[in-house]
Structure formats: structure tokens, C-alpha cells
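Let me begin by presenting the structure, written as C-alpha cells, before commenting on it.
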Number of protein chains: 2
Amino acid sequence: MSPIGVFDSGVGGLTVVKELVRLLPAEDIVYFGDTARVPYGIKSKETVIRFSVENTLFLLKHNVKLVCVACNTVSSCALPKIKNSFRVPIVGVISPGAREAVYATKNNRVGVIGTKGTIKSKAYEHEIKKLDPKVKVTAVACPLFVPFVEEGWLNQDVVLTVAKHYLKPLKEAKVDTVILGCTHYPLLKNVIKKVLGENINLIDSAKQVAIEVKKILSDEEILNSRRCGRSQFFVSDNPEWFEELAGRFLGKPVKNVRKVSSV
Amino acid sequence: MSPIGVFDSGVGGLTVVKELVRLLPAEDIVYFGDTARVPYGIKSKETVIRFSVENTLFLLKHNVKLVCVACNTVSSCALPKIKNSFRVPIVGVISPGAREAVYATKNNRVGVIGTKGTIKSKAYEHEIKKLDPKVKVTAVACPLFVPFVEEGWLNQDVVLTVAKHYLKPLKEAKVDTVILGCTHYPLLKNVIKKVLGENINLIDSAKQVAIEVKKILSDEEILNSRRCGRSQFFVSDNPEWFEELAGRFLGKPVKNVRKVSSV
């Protein structure tokens with residue numbers, strides 16, 4: 001049976017792999033991290049689309065039955081384009097996250113945090129408004145969060161100071177639910193709760209994405225029946241760096257990461 | 001007369017353009033910033049070499065008479081390779097910076113700060129040891145400095161806290177001279193002086209690079225004699241973002257930045 005394909009600009013998409021493995025342990029997974037061109041969050045829509053098409057083609061060469069776009073920037077900028085370009089089912093992270101947020105909010109005030117590209121696209125806002133026009137959305141970009149996580153600065157006072165600065169508009173808007181609109185941000189949950197309070201609902205799309213993937217595979221009757229799936233990891237650069245960071249996102253070590261010379 | 005070519009992974013190389021324009025106002029300049037693949041500092045040597053060869057080829061298409069590598073990561077990882085591959089004179093930032101530091105230090109203790117790629121390469125250490133084996137070098141990577149500068153966080157307390165953390169080994173080593181081994185770092189001079197003291201010598205390679213370029217053009221008798229040179233700017237992505245940041249590095253606004261579809 002064919003594997004599930006997952007791609008991301010780098011290492012963050014492993015949070016999605018973690019949930020896929022938990023929910024669908026029999027599935028094989030092929031992961032591609034575009035570490036030669038990471039990060040995508042500061043790049044233009046046009047460039048993100050070009051990179052995403054190339055990444056999808058790479059996964060298709062591995063005969064994947066579904067492509068999971070485990071990157072918020074790609075999902076918000078490039079999903080319609082790649083959905084139109086390929087026949088395989090393609091799942092992004094925006095709709096699942098938006099649905100969960102609309103379901104979770106009690107006061108109809110939802111915050112969204114993400115990279116510049118994700119916030120500029122207004123993809124979460126559009127999706128939430130489609131689901132429930134009453135929900136008020138406050139969205140802010142937090143560009144320093146990704147470098148903090150990648151450097152392993154997760155609980156330092158410095159991170160708290162920057163988080164207070166970024167999250168001020170969400171606090172003022174009195175949101176009760178916040179979409180963590182970047183795969184790196186779940187690692188900053190503690191800091192975000194310190195700023196917005198213990199009772200804030202933090203929505204991490206990864207779980208919802210895994211549920212959606214399971215539904216599609218089930219509907220199309222292409223779920224795997226083998227007992228134990230296998231994950232393979234490919235990157236466009238720096239497999240050592242990827243292996244070093246991977247544990248932080250996947251919750252267990254990753255080995256045998258293979259570098260591909262071009263995607 | 002042919003222009004001088006300058007390339008960098010992004011916008012930081014404009015600090016070198018600024019010095020070239022000051023010292024060689026009659027020269028035309030063609031600048032290329034690889035903003036689709038920025039940053040280079042976290043990427044492998046092999047990938048940095050591949051990108052650098054492509055960038056050099058782009059400049060050669062514009063008939064440049066000399067290529068100036070205005071990026072510390074490229075200069076430290078890829079310079080020998082590109083010098084061997086092309087016949088045009090190629091100037092990096094490492095030797096000029098190292099020379100200036102060896103000249104400036106009184107106590108023979110020099111600090112080097114840069115990206116992970118630059119520090120890992122030990123290029124500055126090798127160059128300094130060649131010039132004067134007595135000089136003791138202490139080198140540290142400061143990976144959060146580039147995102148701080150690109151986000152315009154130059155004087156905040158947060159930056160000071162992070163700088164204190166990174167620069168502790170230099171303080172302990174009692175260096176009297178520090179090479180700012182990344183084009184972004186001159187913008188953090190104030191913060192670095194707060195940590196290491198007002199009397200620290202901060203070496204910014206850009207000026208020395210311009211002096212070396214002038215010497216080569218003069219030796220080869222290819223200095224331009226026109227009265228006022230013209231600078232052209234090309235990027236591989238996001239010309240608006242480049243224009244927005246450019247003023248911070250060049251000291252004056254940049255307009256008409258052109259995006260090239262592939263390098």
C-alpha cells in the first residue's frame with residue numbers, strides 16, 4: 001500500500017507526523033523538509049507556490065496516496081494552486097485549525113498567530129468567517145518565534161518579553177481561543193499561557209489534520225491494514241541539523257535522514 | 001566600462017555597497033540578493049557553495065569585472081571553490097576583516113562573532129593565525145542576531161539580554177577587538193558596546209573590502225573614469241521586503257529593485 005506524503009519548509013511539520021503516527025500507526029509516511037530553502041514564512045506567495053509544487057512532485061515520485069501540507073505558510077498561500085495542479089488528495093492545516101477554533105470559542109473572539117506570510121494571506125480569517133461570520137478574528141505575526149524555537153529558547157525571560165509584545169493585541173481583544181498558526185508554536189505553549197492566562201484555548205492544528213487525513217483515507221478506502229507503518233525522512237540540506245531538531249518536534253529521535261540533491 | 005558585481009544571501013551585503021559607493025563613486029554596481037533562499041547561515045557548506053556558484057554566474061551574465069562576496073557565510077565556506085571556478089577577480093570579506101583585526105588588537109586577543117556556518121568554518125581563525133600565530137581567537141555564533149536586525153529590534157532590552165548571553169565568552173577571554181563577522185551585526189554596534197565596553201574595537205569588514213576592491217581594480221587598470229556610477233539591484237524574491245530593509249543597511253532608500261525568476 002502507498003505511503004502518506006508530508007512536506008514542510010523544514011522540521012516543524014514533524015508535529016503533524018507525530019499525530020499521524022499516533023492516529024494511523026499502520027500507515028507508511030514519507031516526509032520531505034525543504035531545509036535548503038527554509039524558512040518560507042518571509043517569502044512571497046509566488047515563490048512559496050513554486051517551492052510547494054516542487055515538493056509535491058518529489059513526494060509523488062515516492063508514489064504517495066495523499067499529500068499532507070504540514071506548513072501553515074504553504075497551506076495559507078499555495079493550497080488552492082497545488083490542489084488544482086494534482087489529482088492526489090491534498091490536505092492543508094488551515095481548515096482543520098479554523099474548524100477547531102470555531103468549535104472551541106465561547107465568546108466568539110479568536111486569535112491567530114503565525115508567520116508574516118500566513119498572517120498576510122488572511123487564510124485563517126477567511127476560513128473562520130466562512131464557518132461562522134459572527135466570530136471576531138484578531139491576527140498577528142510573530143516572526144521571532146521560529147528562530148527562538150529553532151535555537152531551543154523556549155522558556156527564557158527573553159522569549160516571555162517578546163511574547164508579551166506580540167500578543168498584546170490578542171489580550172486587548174479578549175480572545176478566549178488562539179490558533180497556533182505555525183508548526184513551531186506549540187513548543188511555546190507555556191510562554192503563551194503565561195501571557196494570555198492558563199484558561200486560554202490553544203489550537204494546534206496537527207491533531208485535526210490527522211483526523212482529516214484518516215477520514216479521507218477511510219472514505220476512499222485506501223487505509224493501510226499492515227500492522228506497523230514505517231516513516232522515511234528526506235531533506236534538501238543539513239540532515240544532521242534536522243536530526244538534532246527533530247526530537248523536539250516528534251517527541252522521539254529521528255535517524256537515517258536522507259539528503260536529496262534536488263527536489 | 002563593466003560594473004562591479006556584489007552578491008549576498010539577502011540584504012546585508014548592502015553594507016558593502018555603501019562603502020564601495022563611498023570609496024569608488026565612479027563605479028557602476030550590480031547587486032544580487034538571494035532572498036528566495038535566504039538565510040545561508042544555517043545551511044551546509046555544500047549547499048552554500050551551490051548557491052554561490054549560481055549567484056556568481058548571474059553576475060557574470062551582467063558582464064561584471066570583479067565579484068565581491070558580501071556575505072560572511074559564503075566567504076568562509078565557499079570562497080576557495082568559487083575562486084577556482086571563475087577567472088574574474090573575486091573578493092571575500094574574511095581576509096580584509098582578519099587583517100584589520102590583527103592590526104587593531106593591542107593585547108593579541110580577538111573575538112569573532114558570526115552565523116553558525118561562519119563560526120563552524122573557522123575561516124577567521126585560520127586567516128588570523130596565518131597573519132599572526134600569537135593572536136588568541138575566541139569565536140562564538142550568535143544565531144538570533146540576524147532575525148533581531150531584520151525585525152528592526154536593535155536597541156531593546158531583549159536584544160541586550162541575548163547579547164550578554166552570546167558575548168560572555170568574549171568578555172571572559174578579555175578580547176580588545178571583535179570582528180563583526182556578519183553583515184547584519186554592525187547594526188547592533190550599540191548593544192555590543194553596552195556588553196563589551198565603549199573601548200572595544202569593533203571591526204566591520206565592509207570598509208576593508210572596499211579598499212581591497214579599489215586596489216585590485218587599480219592594479220589591473222580597470223578603474224572606472226566616469227563621473228557618477230549607477231547601482232542596480234536584483235533579488236530572487238520579495239523586492240518590496242528588500243526595499244523596506246535596504247535603507248537600514250545602505251543609509252538611503254533603494255528603489256526599482258528587480259526580481260529575477262531564476263538565477
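Assorted remarks:
- Restricting the calculation to Cα atoms, chain A yields a radius of gyration followed by a Dmax of 17.5, 50 Å.
- A cut-off of 5 Å between modelled amide H atoms, ignoring neighbours fewer than 5 places along the same chain, links B:Thr138 with B:Val110, B:Gly111, B:Val112.
- Charge tally in the Cβ shell below 13 Å around B:Lys252, where Lys, Arg are +1 and Asp, Glu are -1, B:Lys252 excluded: +3
- Other protein chain C-beta atoms within 10 Å of residue C-beta, averaged over B:37-47: 5.
- Under 5 Å between amide hydrogens, built in the peptide plane, is the criterion, and for A:Asn201 it picks out A:Thr177, A:Val178 among residues at least 5 positions away or on other chains.
- 7 Å along Cα→Cβ, label-point gaps from B:Pro133 to other copies, nm, shortest first: 8.0
- Relative to the compact-globule estimate of 2.2 N^0.38 Å, the Cα radius of gyration of the stretch A:1-79 comes out at 1.05.
- Debye intensity ratio in log₁₀ form over the Cα atoms of the stretch B:94-205, taken at each q of 0.09, 0.16, 0.21, 0.22 Å⁻¹: -0.20, -0.63, -1.10, -1.21
- Legend: translational diffusion of the protein assembly as shown by Stokes-Einstein, Rh = Kirkwood radius over C-alpha pairs, 4 °C, 1.567 mPa s; D = 53 µm²/s.
- Counting beta carbons within 10 Å around each of A:Cys142, B:Cys182 and listing the fewest first gives the order A:Cys142, B:Cys182.
- Sorted fewest first by neighbouring Cβ atoms within 10 angstrom, B:Lys43, B:Lys18 come out as B:Lys18, B:Lys43.
- Note on the stretch B:1-41: the C-alpha convex hull projects to 3.0 nm² when averaged across all orientations.
- Sorted from nearest, the other copies put their B:Cys228 label points 7.4 nm away, the label point being 7 Å from Cα in the direction of Cβ.
- Take B:Asn107, push a point 7 Å out from Cα through the beta-carbon direction, and compare it with the same point in every other copy: 5.5 nm, smallest first.
- Nonlocal amide H pairs with A:Ala173, under 5 Å, H built at 1.01 Å: none
- Trypsin sites (Lys or Arg not before Pro) lying in DSSP loop within the stretch B:115-211, provided at most 10 other Cβ fall within 10 Å: B:Lys134
Since every read-out is calculated from the coordinates, none of them should be taken as a lab result. If you're wondering where the values come from, they're calculated on a predicted model, not measured in any experiment. Please note: Cβ atoms are built from the backbone with ideal geometry, for glycine as well, and neighbour counts cover all protein chains shown.
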